[in-house]
1. Of all DSSP beta bridges located in the stretch 60-139, what percent are antiparallel, nearest 5?
2. Applying 1/(1 + (r/R0)^6) with R0 = 45 Å to the Cβ-Cβ distance of Leu132 and Lys208, what FRET efficiency is obtained, to the nearest 0.05?
3. Suppose we take every Cα in the stretch 37-116 and form the convex hull; what volume per residue is that in Å³?
4. What ranking of Ile71, Ile34, Ile179 emerges when the number of other C-beta atoms within 10 Å of each C-beta is taken as an exposure proxy, fewest first?
5. Among Ser96, Ser163, Ser138, which one shows the highest mean-square fluctuation when the chain is modelled as a Gaussian network with alpha-carbon springs under 10 Å?
6. Which of the trypsin sites (Lys or Arg not before Pro) across the stretch 106-159 are loop residues per DSSP, with 14 or fewer other Cβ within 10 Å?
7. Roughly what % of Cα-Cα distances in the stretch 100-164 sit above 13 Å, to the whole percent?
8. For His81, which sequence-distant residues (separation of 5 or more, or a different chain) have an amide H within less than 5 Å of its own amide H, given hydrogens modelled in the peptide plane?
Amino acid sequence: MKFVVKTSKTVEDAVKEALDELNVTKEEVEIEIIEEASKGLFGILGAKEAKVKVTLINDPEEIADKFLDGILRGMGIVALHDIKLENDMLYVDINSISSTDMGILIGKRGNTLDSIQYLLSLVVNKNREKYLKVVLDSEGYRQKREETLIKLAKKMAEKATYSKRPVKLEPMNPYERRIIHSALQNFDGVNTYSEGNEPYRRVVIISK
């Protein structure tokens, strides 16, 4: 389990420093007071700072690691994964994976990867007071997919402009639709909107 040891003028200050470093709340840790603060003789001689050990009891990185091990093993996929916690974001990258296994992991238009990300988010955030956004990726897939969608959006926007007819894209998840809308927000001559119900909701591009 992850833990930190901190010293400060008071126990409260030492605990606060530990919580800040771990980026968690009191409810997510176990606090052990190693040493109470003491003023010493005349408030000078032999003065000691408080010392505490603060241990994570709901470590999102550890939880994510165990969950992914089980998921990948169950899918018959051989791969490694890196997990990094930054502020309120948990980044998970699955790497050292074969092209065949990567195709299985990602699924059609990233649907399998998105489903695992959703489940991982539920597991990581269970019993947590402070919500963490989970981003699951594999070998830079999401960046490549975003670049592909932006190119597609601009190409279809040009088609809508010269044809003067609405262009309907294939059904996409909310994340991918946002990429399309954002890419065309400042594109001259077109507007975008979404239509349909999940999971068949799609972006429509129309000329102004």
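Every number in this text was worked out from the coordinates using simple rules, so none of it is lab data. These numbers come from a predicted model, not from an experiment. Quick reminder, even Gly has a Cβ in these numbers, built from the backbone with ideal geometry, and neighbours come from all protein chains shown.
1. Taking every DSSP beta bridge with both residues in the stretch 60-139, the antiparallel ones total about 55 percent.
2. Working: r = 41 Å, r/R0 = 0.90.
With a Förster radius of 45 Å, E is 0.65.
3. Working: hull volume 10.6 nm³, N = 80.
Roughly 133 Å³ of hull volume per residue.
4. Working: Ile71 16, Ile34 13, Ile179 20.
Fewest-to-most ranking of Ile71, Ile34, Ile179: Ile34, Ile71, Ile179.
5. Fluctuation is largest for Ser163.
6. Numbers: sites: Lys108, Arg109, Lys126, Arg128, Lys130, Lys133, Arg142, Lys144, Arg145, Lys151, Lys154, Lys155, Lys159; in loops: Lys126, Arg128, Lys130.
Qualifying residues, ordered by number: Lys126, Lys130.
7. On the way: 1482 of 2080 pairs.
The calculated P(r) of the stretch 100-164 puts 71 percent of pairs beyond 13 Å.
8. Residues meeting the criterion, in which the H sits 1.01 Å from N, are Asn95.
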